[in-house]
1. So for the pair Glu72, Arg18, with labels modelled 7 Å out along Cα→Cβ, what separation do we get in nm?
2. Give the share of C-alpha pairs in each 5 angstrom bin for segment 160-200, from 0 to the last occupied bin, in whole percents, shortest bins first.
3. When a/c reaches 1.5 or more, the comparison of a/b and b/c decides; with that in mind, is segment 50-129 rounded, prolate or oblate per its Cα gyration tensor?
4. Below 8 Å between Cα atoms, with a sequence gap of 6+, how large is the relative contact order for the chain in percent?
5. So how strong a dipole does segment 101-205 carry about its Cα centre when Lys and Arg Cβ are +1 and Asp and Glu Cβ are -1, to the nearest 20 debye?
6. Rounded to the nearest 5, what % of the DSSP beta bridges within the chain are antiparallel ones?
7. Convex hull volume of the Cα atoms in segment 1-106, per residue, in Å³?
8. Figure the gain on full extension for Thr99 and Asp6 (residue separation times 0.36 nm, minus the Cα-Cα span) and round it to one decimal in nm.
Amino acid sequence: MKPWSDTTALVLAAGAGRRLGGVPKCLVRVNGQTLLQRLLDALAEADVHDVRLIVGHHAEPIAAHVSALAPERRPVLLRNPEPGEEPADSLRVGLRSLTSMPSRLLVLLGDQPLLGAPQIQAALDAFDQRERGRHALVPMVNGQPGHPAVLDGLACALLRNQSGGLRAWRQRQPEAVALWNTSDEAHIRDLDTPEDLPRLAQATGWTVALPTAEALPRCGMDNG
């Protein structure tokens, strides 16, 4: 393996989804496909094939879902043994899995239904055009930070051993992070509560559904 690979993606999906009823948000179905399937397809379309999925509270049902995907779409599964409410620990788990630092690392969430290949590519293009000395890029929509964030190899090396993740680093060293202003709400739209599902369906015309009971055979054990 060369010391600096091109692009790697970390998908953070370790949360309990308590506000959504204690289900894995990445397994919410949109037009018959899970959000995770849609994201993996979008990454492949953007020519990102090194994908690592960090799981935690719902590790077993998510792993079962991943095992049923086509082999070329299956991400590497990584377990966060102590998932909390903040994604910083899961980010560190993902970064510590790297054996070499990528030149571009995407940090994505598993519950963003509008995020597709065009948004991923736009973030990568903005990162490639950033000012010299900026080691990370964060999309900003009307002043709200979104995803995917993009890190360079130096940012990956620093954040793999720092607490607080990108948010804390941005507060400590704002000059190291490029803020990319965009009007595309796909970068900040997520699914947190049951009310978010009918809102998404109404706005898009899509069929949106929670994971079925059959898809969650061991969620009760995972939620603790």
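1. In this crude spin-label approximation the distance works out to 4.2 nm.
2. Histogramming segment 160-200 at 5 Å steps yields 5, 17, 15, 15, 17, 15, 11, 5 percent.
3. Details: a/c = 1.61, a/b = 1.32, b/c = 1.22.
Cα axes put segment 50-129 in the prolate bin.
4. Relative contact order comes out at 29 percent.
5. On the way: 10 positive and 12 negative charges, 95 e Å.
Its charge dipole is roughly 460 debye.
6. Rounded to the nearest five, the antiparallel share is 35 percent.
7. Values: hull volume 11.0 nm³, N = 106.
Cα convex hull per residue, to the nearest whole number: 104 Å³.
8. Values: separation 93, 0.36 × 93 = 33.48 nm, distance 1.32 nm.
Value of the extension gain: 32.2 nm.
The values are calculated or read from the model by the stated rules, or taken from the named source; none is laboratory data. Computed from a predicted structure; not experimentally measured. With ideal geometry, Cβ positions are generated from the backbone for all residues, glycine too; neighbour counts draw on all protein chains shown. Calculation scope for accessible area: heavy atoms of the full protein, side chains included, ligands and nucleic acids excluded. Shrake-Rupley method; radii C 1.70, N 1.55, O 1.52, S 1.80 Å.
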